[in-house]
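To start, the structure under review is shown below, and the notes come after it.
Since every read-out is calculated from the coordinates, none of them should be taken as a lab result. Quick caveat, the model's predicted, so the values are computed rather than measured. Because the Cβ atoms are built from the backbone with ideal geometry, glycine has one as well, and the counts that use them run over all protein chains shown.
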Amino acid sequence: MKFDTAYWQQRYRDKQTGWDIGFASPPLTHYFDQLQDPTTTILIPGCGNAYEAEYLFNLGFKNVYVVDMVASVLANFQKRVPQFPSKNLIINDLFTLKGQFDLIVEQTFFCALSPHKREQYCEKMENLLAPGGKLVGVLFERDFEHPGPPFGGNIKEYQSLFTNFFKINTLANCYNSIEPRQNTELFFIFEKK
């Protein structure tokens, strides 16, 4: 199956959006609350309804960029957060994106990619990060009983994959996942080598 723009548009139209919890993910908001520098350039790939971007923007981070292939979700986000700079809303395939960011936030984008694209994902994240930049987010620590997306994985798999591209500062079970995802999520902080 091809997970292209048309596929994701259909998922939104059919309201098959199990990844969308309706608010920013608690493991990420806890991390965001500790950030100090409001000039940090932040990218959220495959942002969907971009609750994390809204949270960061409301904290005072103005250099937040979001990218998604589905124009309608970014249009909805712009209506919900009209003060968010429209130039920071990018309708595009992440793998064609150019730029440098201090922080990239991973929230259900990695698990939406076919597993054969995971190495390409790592290469792209490494390329988009500024020197010393960090890739931070949440990964599933489970397999799914149905064909994906989402596609699952486990800590050993992730260690093997990501150590080729990043220094692993943190990769551990989330203690503050939402109830339906408890004991199935890993929080991570990976630093560009």
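Remark: for residue pairs LYS62/LYS134; LYS2/LYS117; LYS2/LYS156; LYS2/LYS134, the C-alpha separation exceeds 24 Å in LYS2/LYS156; LYS2/LYS134.
Of the beta bridges in region 44-191, as assigned by DSSP with both residues counted there, near 55 percent are antiparallel.
Overall, region 44-191 carries a charge dipole of about 400 debye about its Cα centre when +1 sits on the Cβ of Lys and Arg and -1 on the Cβ of Asp and Glu, all other atoms neutral.
Rounded to whole numbers, the Karplus 3J(HN,Hα) couplings from phi for region 104-113 are 10, 9, 9, 9, 6, 7, 4, 6, 8, 7 Hz, using 6.51 cos²θ - 1.76 cosθ + 1.60 with θ = phi - 60°, and x at Gly and Pro. Taking amide hydrogens as placed 1.01 Å from N in the peptide plane, the amide H of PHE101 sits under 5 Å from those of LEU129, ALA130, each at least 5 positions away in sequence or on another chain.
Gain on full extension, evaluated as 0.36 nm per residue between PHE3 and LYS167 minus their Cα-Cα distance, stands at 56.1 nm. Comparing PHE166, GLY99, ILE178 along the charge dipole axis of region 56-193, the residue lying farthest to the positive side is GLY99, per the Cβ-charge model.
The amide H of GLU106, built 1.01 Å from its N in the peptide plane, has VAL136, GLY137, VAL138 as neighbours under 5 Å, considering only residues 5 or more places off or on other chains. When mean projected area of the Cα convex hull in nm² is calculated directly from the model, which label among (1) 10.2; (2) 11.0; (3) 14.2 fits? It is the one labelled (1). What the phi angles of region 6-13 give under the Karplus curve with 6.51, -1.76 and 1.60, with θ = phi - 60°, is a coupling list of 4, 4, 6, 4, 5, 4, 5, 4 Hz, glycine and proline written as x. From the alpha carbon centroid of region 93-129 to that of region 31-73 is 15 Å. Here's how it looks for THR184: its modeled amide H is under 5 Å from none belonging to a residue 5 or more places away or on a different chain.
Computed from phi, the 3J(HN,Hα) profile of region 144-158 under the Karplus parametrisation 6.51, -1.76, 1.60 (θ = phi - 60°) reads 9, 6, 10, x, x, x, x, 10, x, x, 9, 4, 5, 4, 5 Hz, with x in place of Gly and Pro.
Quick one: dipole size for region 1-118, taken about the Cα centre, charges +1 on Lys/Arg Cβ and -1 on Asp/Glu Cβ, in debye to the nearest 20.
380 debye
Computed over region 98-193, relative contact order equals 32 percent, with contacts defined as Cα pairs under 8 Å that lie 6+ residues apart.
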